[in-house]
Number of protein chains: 2
Amino acid sequence: MLKYQQIALDIERMIETEQLKRGVKLPVLEALMKEFEVSKSTITKALDLLEKKGVIYQVRGSGIFVRGHKRKGFLSLISNQGFKDSLEEFDITSEVLELKIVQPERYVRDALDLPEGAEAHYVKRIRYINGKTLCVENSYYSKELIPYLNKEIVTGSIFHYITEGLKLQIGFSDMYLQVGKLTEEEAGYLQLKSGDPKLSAETIFHLNNGKPFDYSMITYNYEQSQFYVQSGSYLR
Amino acid sequence: MLKYQQIALDIERMIETEQLKRGVKLPVLEALMKEFEVSKSTITKALDLLEKKGVIYQVRGSGIFVRGHKRKGFLSLISNQGFKDSLEEFDITSEVLELKIVQPERYVRDALDLPEGAEAHYVKRIRYINGKTLCVENSYYSKELIPYLNKEIVTGSIFHYITEGLKLQIGFSDMYLQVGKLTEEEAGYLQLKSGDPKLSAETIFHLNNGKPFDYSMITYNYEQSQFYVQSGSYLR
């Protein structure tokens, strides 16, 4: 673990144990540099990491504040780490129903900026949380950007493979949510009844060079659908 | 309109008309300064505004890229402007069912960091989109931070009053989403059937000094629940 990650962890623990309470203003940079005996750039990196994790909130010209902790039992809805970041708290597993290379239809090509005839990995999975069905997922990965996938990779975290195995950096995502009623097919996968409520999420994930690499359609089991959405300071 | 806002608008129009396409890298700062004949700080402000609006995407050390446009017909789910920013596209109105000062219960006080006996404005509204029920909302506003509300204000945009009338700056928010089935009472407000799907959103909004000022519980009509959620570069 790098120094700045250790400092971020130390500060996070102080927040978890409420030595630092929600709404409290953190000491100024100079005081933090002195306390941790590190350079300004190390402290800045630690604070940037904490802000990305939603643990603190930086206000330009005003200071750095402690944010509240998310409630237990809620999954982060927009996480570019897939559900991987929730694995400490939840036991998430995947059952792969299909993995094949396809020439996707127009709407998928549009989402992924692919020319006609381009290839993509198609992945269909059921995901389980603590042994219950969480969602059924249909995803398309651009083969140009993600040349190789196999069953082992898609049984685990595909995003983990992309960032750690391929060393690609994930950038931003656009998600479209809709609430509706389960079709009979979806209900079958989720072990629910046709007509039960559902949350559908359609997401386009981009690498940090702006290229879309994953188009995914997920239907969630409403009984397990407890999500946390954090708006950041970028909305200020 | 300030110079940087005008530049932001000019760039946004170039994106809308696809003179600048999704995924394209913007010219470097120096070139933009030259093109618009302004200082570096003006260009930087314009780009920051565009990033906040989700129109561009800045990658440190790599460049600035054009993001795609959100699809029409979707409301932004996490907007610290309430629905106000959607008003160009949608016709959103409110029917105020209740507006009164209360001493809120424990769970509301916890969310708003209020001591026992503290007062809050309680607002119950039905919101309509293009003439159809969009949601039923129960909100509590800390009276300490928002001393005054009246029916005229809550019939319009409360957030607009807070930012323009009180000149307060809205900071971050924490939202908890759940999908479930409508109760009979909720169904009545939304003109739906008991047992129909619903999306419930519980949100704590904070000012940019870290203080929570609004705790709101919203139940959405699933037929109108089409939401857009944009993850920003802060998740990188």
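The values are calculated or read from the model by the stated rules, or taken from the named source; none is laboratory data. The structure presented is a predicted model; accordingly, all values stated were derived computationally and were not measured. FYI the Cβ positions are ideal-geometry reconstructions off the backbone, even for glycines, and counts take in every protein chain you see. Only protein heavy atoms, including side chains, enter the accessible area calculation; ligands, DNA and RNA are left aside. Shrake-Rupley method; radii C 1.70, N 1.55, O 1.52, S 1.80 Å.
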Report task. Identify, by number, the condition in (1) under 19 Å from B:F205 (Cα atoms); (2) at pLDDT 90 or above; (3) in contact with an Asp or Glu (Cβ under 8 Å, 6 or more places away or on another chain) that B:K132 doesn't meet. Result -> (1)
Query - In region B:152-194, the residues that are away from chain A (no Cβ under 14 Å) and among the aromatic types (F, W, Y) - result: B:Y161, B:Y189
Report summary line: Given the conditions (1) within 14 Å of another protein chain (Cβ to nearest Cβ); (2) at pLDDT 95 or above; (3) open to solvent by 10 Å² or more (accessible area, probe 1.4 Å), every one holds for B:K124 apart from (1)
Report summary line: Counting only residues in region A:149-175 that are small (G, A, S) and out of contact with any Gly (no Cβ under 9 Å at 6 or more places or on another chain), the one farthest from A:K100 (Cα to Cα) is identified as A:S173
**Report entry** Output for region A:1-50, where each listed residue is closer than 30 Å to B:L114 by Cβ, out of contact with any Asp or Glu (no Cβ under 8 Å at 6 or more places or on another chain) and of a type in the set (D, E, K, R)
**Finding:** A:E12, A:R13, A:E16, A:E18, A:K21, A:K25
Query raised in the report: Does A:L168 fit the bill of being within 30 Å of B:D48 (Cα to Cα) and at pLDDT 95 or above?
Result: no
Requested in this report: Specify the residue that is most open to solvent (accessible area, probe 1.4 Å); the eligible residues are those in region A:216-236 that are modelled with pLDDT of 80 or more, facing chain B (nearest Cβ under 7 Å) and not in a strand (DSSP E or B).
Outcome: A:Y222
Query raised in the report: Is it the case that some residue within region A:179-193 is at pLDDT below 95, part of a strand (DSSP E or B) and open to solvent by 40 Å² or more (accessible area, probe 1.4 Å)?
Result: no
Requested in this report: Report, by residue number, each residue of region B:150-164 that is aliphatic (A, V, I, L, M) and surrounded by fewer than 19 Cβ atoms within 10 Å (Cβ to Cβ).
Outcome: none
